[in-house]
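The values are calculated or read from the model by the stated rules, or taken from the named source; none is laboratory data. Keep in mind that what you see is a predicted model, and the values were worked out from it rather than measured. As a convention, Cβ positions derive from the backbone with ideal geometry for all residues, glycine included, and neighbour counts pool all protein chains shown.
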Amino acid sequence: MDWKLELVAIPVSDVDRAKSFYVENAGFNADHDHTVSDEIRFVQLTPPGSACSIALGEGITTAEAKRIKELEREVRELRRANEILRLASAFFAQAELDRRLR
């Protein structure tokens, strides 16, 4: 199974300022900037060469900010799990080579 993280919502207090920072200073591409209503605005930005975008928007709740913290923790856990699996595969690959050489 191929897992991919494609979009992460980022809560910001000023969408225009955040968009300006990411596009002008960090070099992100502005993919979408759509105002649905007076209360809803969606801005999608993507770093060059990345398959994962960020979504900035007005009205993003603190629950979504909490979810971002959870995603950061999950990414750390996934990196650690990946490292454990890589070390285990190297160990078992070496054991298999040793067994064949006997």
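Every condition in (1) within 19 Å of Glu6 (Cβ to Cβ); (2) modelled with pLDDT of 85 or more; (3) outside the structural domain of Leu5 (by TED's automatic domain parsing) is met by Ser50 except one, and the failing one is (3).
Taking region 56-84 as the range and being of a type in the set (Val, Ile, Thr) and either within 17 Å of Arg41 (Cβ to Cβ) or at pLDDT below 85 (or both) as the test, the residues that pass are Ile60, Thr61, Thr62, Ile68. Does region 24-34 contain at least one residue that is in contact with a strand residue (DSSP E or B) (Cβ under 9 Å, 6 or more places away or on another chain), aromatic (Phe, Trp, Tyr), free of Cβ contacts under 8 Å to residues at least 40 places away in the same chain and surrounded by 10 or more Cβ atoms within 10 Å (Cβ to Cβ)? Yes, region 24-34 contains at least one residue that is in contact with a strand residue (DSSP E or B) (Cβ under 9 Å, 6 or more places away or on another chain), aromatic (Phe, Trp, Tyr), free of Cβ contacts under 8 Å to residues at least 40 places away in the same chain and surrounded by 10 or more Cβ atoms within 10 Å (Cβ to Cβ). Has region 91-102 got any residue that is outside the structural domain of Asp14 (by TED's automatic domain parsing), at pLDDT below 75 and in a loop (DSSP other than H, G, I, E, B)? Within region 91-102, one or more residues are outside the structural domain of Asp14 (by TED's automatic domain parsing), at pLDDT below 75 and in a loop (DSSP other than H, G, I, E, B).
In this structure, does Ser37 turn out to be in the same structural domain as Val15 (by TED's automatic domain parsing) and at pLDDT below 90? Here the answer is yes, as Ser37 does meet what is asked.
Within the group Ser13, Ser20, which residue is exposed (fewer than 14 other Cβ atoms within 10 Å of the Cβ) and under 20 Å from Ala63 (Cβ atoms)? On inspection, the qualifying residue turns out to be Ser13.
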